[in-house]
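Here is the structure we will look at.
The values are calculated or read from the model by the stated rules, or taken from the named source; none is laboratory data. Computed from a predicted structure; not experimentally measured. A quick note on method: Cβ atoms are made from the backbone with ideal geometry, for glycine too, and the neighbour counts reach across all protein chains shown. All accessible areas refer to the heavy atoms of the entire protein, side chains included, with ligands and DNA or RNA removed. Shrake-Rupley method; radii C 1.70, N 1.55, O 1.52, S 1.80 Å.
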Amino acid sequence: MAVVRTQDVKKVYEMGDVQVSALKGVDIEIEQGEYISIMGPSGSGKTTLFNMVGGLDKPSDGKVYIDDVDVAQLDAYELAWLRCRKIGYIFQTFNLIPVMTALENVTLPMVFAGLTSDEARDKGVELLKKVGLGDRVSHKPFELSGGQQQRVAVARAFANDPALILADEPTGNLDLRTGTEIIELLRQMNKDSGVTVVSATHDHKMLSVSDRVVWVRDGRVDRVVNRDELKIQVGTIDGRTA
């Protein structure tokens, strides 16, 4: 079953008297449980497509369906509900609230979804344990390393059992080793929960865990490559395969 479908999606930005076509008719289907990487050079339309898939922007023309819901037909309240219940977001800059503990950051989406404080706490602790931070629940972001902050962000993305996880350059602010650990964590949680993961990335380490790679160029899908068709250069980091 397709979690995301786009049909001839186009996006035009008005910049004064100039029109910029960011997407020029994109058709993709992303199945439940897939791990997809969207890749392409700067200005290719990769980020715009990512924002469409995540309900962060609406197309100028065409259709975007998330769990068979036409995003363009939703009002602001309905769109907020969809983002809260159906989609988990992971950002390059972590986007944690600095005055909140790791646990409070993870449970915040649960509060918006209507869970009681006890339910949210119990679930939040379990999620932090899953990402290897069971002993850091009371730490605030400034007390955590970059990799630990991103692990909190991963736990937060899974807070409301979403159908779709969107990761925007999730390793962009991390060193090579830590970035590899986050990629492996995302893939493991993808396998364990069956949630669909879509990542917009320049990080070629993502190729080793992706089921398919969608290459975007000049506002169009240039090609879609399956995992077994990818040619991946394998190296090591401190003796570990990467």
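Here are some notes:
- Residue that is modelled with pLDDT under 95 and either on the phi > 0 side of the Ramachandran plot or assigned to a helix (DSSP H, G or I) (or both), where the choices are Val154, Val106, Val111: Val111
- Thr178 out of contact with any Asp or Glu (no Cβ under 9 Å at 6 or more places or on another chain), modelled with pLDDT under 95 and of a type in the set (Ser, Thr, Tyr): yes
- Some residue of the range 110-124 being in contact (Cβ under 8 Å) with a residue 40 or more places away in the chain and not charged (D, E, K, R): yes
- Close pairs from the range 14-43: first within 28 Å of Asp228 (Cα to Cα), partner among the acidic types (Asp, Glu) and assigned to a strand (DSSP E or B), Cβ under 6 Å, at least 6 apart: Gly25/Asp8
- Search result, residues across the range 182-191 that are touching a residue at least 60 places away in the same chain (Cβ under 8 Å) and either in contact with a helix residue (DSSP H, G or I) (Cβ under 6 Å, 6 or more places away or on another chain) or open to solvent by 10 Å² or more (accessible area, probe 1.4 Å) (or both): Arg187
- Selection from the range 56-89 of residues that are in contact with a helix residue (DSSP H, G or I) (Cβ under 7 Å, 6 or more places away or on another chain), assigned to a loop (DSSP other than H, G, I, E, B) and within 30 Å of Asp228 (Cα to Cα): Asp67
- Exactly one residue out of Lys86, Lys58 is surrounded by 15 or more Cβ atoms within 10 Å (Cβ to Cβ) and over 16 Å from the mean Cα position of the chain (by Cα): that is Lys58.
- Residue count, the range 61-71 (criterion: farther than 23 Å from Gly194 by Cβ and either of a type in the set (Val, Ile, Thr) or surrounded by 17 or more Cβ atoms within 10 Å (Cβ to Cβ) (or both)): 1
- Residues that are of a type in the set (Gly, Ala, Ser) and modelled with pLDDT of 90 or more were ranked within the range 15-39; the one that is farthest from Val4 (Cα to Cα) is Ser21.
- Checking each residue in the range 7-46 for being within 17 Å of the chain's Cα centre (by Cα), surrounded by 15 or more Cβ atoms within 10 Å (Cβ to Cβ) and part of a strand (DSSP E or B) picks out Ile28, Ile30, Tyr35, Ile36, Ser37, Ile38, Met39.
- Residues of the range 125-171 satisfying the condition of being free of Cβ contacts under 8 Å to residues at least 60 places away in the same chain, open to solvent by less than 60 Å² (accessible area, probe 1.4 Å) and touching a Pro at 6+ places or on another chain (Cβ under 8 Å): Pro141, Gln149, Val152
- Members of the range 192-231 found to be part of a loop (DSSP other than H, G, I, E, B), open to solvent by 70 Å² or more (accessible area, probe 1.4 Å) and either small (Gly, Ala, Ser) or in contact (Cβ under 8 Å) with a residue 60 or more places away in the chain (or both), listed by number: His202, Asp218
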